[in-house]
Amino acid sequence: METTFQKYRDIKARYDSFVKKNKQSLIYENGAYLKKTLYEREKQEKNDKWIDPLQSESKFLLQEGDKEIFVKDEGQSETIYTYQKDRLIEKATVEKKNNTVYLIDNLAEGTAVRYDFNKNKVYLSQYIQDEQDPGKRDIMLDQEFINNELVLERNYKKDFKVSKEQMLSALPDNFYNSALDYMMRKYKDEYEKYIEEEYKRKASPNEIEKIIKDRVQELKEKLKTTIETKNDFYKKIEIYKTYNENSYPLYDLSFPDSHVGIWEMKIDGKTNEVIDIRLSIPRD
């Protein structure tokens, strides 16, 4: 473990030395060193809007073989980013207080290791990265070690018979069928009241059903397009693998409604059936 920590201390020391040699041509902004000329040009092109150092073309990178190193100050810690052919392949977070590594996230291999020295714990995760949305990692395995002994394991790959891709593929239809039933039970009376107050007449059952069907169909089509194209709305779909109180695997999902509120769904990780669905609408 100490050998691993020393590796990142050495990388940070080499980066700091490289910065020192080139400091006159650099600017320090938002916790990172950037190439001054490129950064000022970038700021001008973006009308002085805030620039994320990680997204900036002016990042000051240390070349090491076929890899490039970038360091960003996060306050109580520093993160060392490693790139290869313009692709982020690893992030390592180093705590300033004790100069130890807190997290090593290897995006190239799909592994993450987190250290909790106060409790002598190490957490290991294996995942498949979602290329369209880095926030949607498909976790395959979680392990917790105390004093180097395995004390807890979640084998998502074994427990979840339905893959994330299979779950998403069936989501538009699963959502439509479940949401339609939910809306008819939950909001039928509200639609009837709205039509009576707005139009001074009673709505027929068929009219209410059509209004609800059209609304649910709209979001179904949006989900279908989103999953096929991975458009911007895809990033608004939150997906978590979890377990209920009986250690049964569940997908926990949430995504915005087309009109107002957030849809929340629980889907069986073994059968792909919808266990629960609800629309959460903020009340003024």
* Asked: Please identify the chymotrypsin sites (Phe, Trp or Tyr not before Pro) of the stretch 8-111 that satisfy two criteria: DSSP loop assignment and at most 13 other Cβ atoms within 10 Å. Which are they?
  -> W50
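Determine the calculated [θ] at 222 nm for the chain from helices alone, applying -39500 (n - 2.57) to every DSSP H run no shorter than 4 residues and normalising by the residue count; nearest 500 deg cm²/dmol.
-11500 deg cm²/dmol
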* Asked: Given R₀ = 22 Å, FRET efficiency for E40-R14 by Cβ-Cβ distance, to 0.05?
  -> 0.25
* To do: Report P(r) for the stretch 61-177: all Cα-Cα distances, bin width 10 Å, range 0 to the bin holding the largest distance, values in whole percent.
  => 12, 32, 32, 18, 6, 0
* Asked: Can you tell which of E144, E196, E68 shows the greatest fluctuation in a Gaussian network model of the chain with Cα springs below 10 Å?
  -> E196
* Förster-model FRET efficiency, 25 Å R0, N244 and K186, C-beta, rounded to 0.05 -> 0.65
* Can you tell me the accessible area per residue over the stretch 19-77, all protein chains present, probe 1.4 angstrom, in square angstrom? -> 68
* **Cleavage-rule hits (trypsin sites (Lys or Arg not before Pro)) in the stretch 188-283: DSSP loop, at most 16 neighbouring Cβ within 10 angstrom** => K200, R201, K202, K230, K270, R283
* To do: Determine, from the Cβ-Cβ distance of D159 and D66 and an R0 of 35 Å, the FRET efficiency 1/(1 + (r/R0)^6), rounded to the nearest 0.05.
  => 0.40
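Over its Cα atoms, what ratio of radius of gyration to 2.2 N^0.38 Å does the stretch 114-159 give?
1.33
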* Hull-based mean projected area of the chain, where the convex hull spans the alpha carbons, in square nanometres -> 21.0
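So if I average 1/r over every pair of distinct C-alpha atoms in the stretch 99-241 and take the inverse, what Kirkwood radius in Å does that give? Write out the running numbers ahead of the final one.
Numbers: mean 1/r = 0.0528 Å⁻¹.
After inverting the mean inverse Cα-Cα distance, the result is 18.9 Å.
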* Structure fact -> Violations at 25 Å Cα threshold for listed pairs K121/K157; K67/K121; K213/K266; K188/K230 -> K67/K121; K188/K230
* Asked: In square angstrom, what is the accessible area per residue of the stretch 108-156 with a 1.4 angstrom probe?
  -> 60
* Using a simple charge model, +1 on the beta-carbon of Lys and Arg, -1 on the beta-carbon of Asp and Glu, nothing else, what dipole does the stretch 57-196 show about its Cα centre, in debye to the nearest 20? -> 320
* **Reachable aspartates and glutamates, given that their alpha-carbon falls under 13 Å from the alpha-carbon of K136 and they are not under 8 places away in the same chain** => E165, E238, D252
* Binned Cα-Cα distances of the stretch 1-78, short to long, each 10 Å bin given as a whole percent -> 17, 46, 28, 7, 1
* **Table column - 3J(HN,Hα) (Hz), the stretch 236-246, Karplus curve with 6.51, -1.76, 1.60, x for Gly and Pro** => 8, 8, 9, 10, 10, 8, 8, 9, 7, 5, 9
* **Nitroxide proxy distance, nm - points 7 Å out along Cα→Cβ at E228 and L124** => 4.2
* Structure fact -> Cα-based Rg/(2.2 N^0.38 Å) for the stretch 165-284, rounded to two decimals, is 1.17
* Label-point separation, I262 to K49 (7 Å along Cα→Cβ), nm -> 2.6
* Structure fact -> Expected max-MSF residue from R154, R137, R87 in the GNM of the chain (alpha carbon, under 10 Å) is R87
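The values are calculated or read from the model by the stated rules, or taken from the named source; none is laboratory data. Since the structure is predicted, the reported quantities are computational estimates derived from the model, not experimental observations. For neighbour counting, all protein chains shown are included, and Cβ atoms are generated from backbone atoms with ideal geometry for every residue, glycine included. Note: accessible area is taken over every heavy atom of the protein model, side chains too, but ligands, DNA and RNA are not part of it. Shrake-Rupley method; radii C 1.70, N 1.55, O 1.52, S 1.80 Å.
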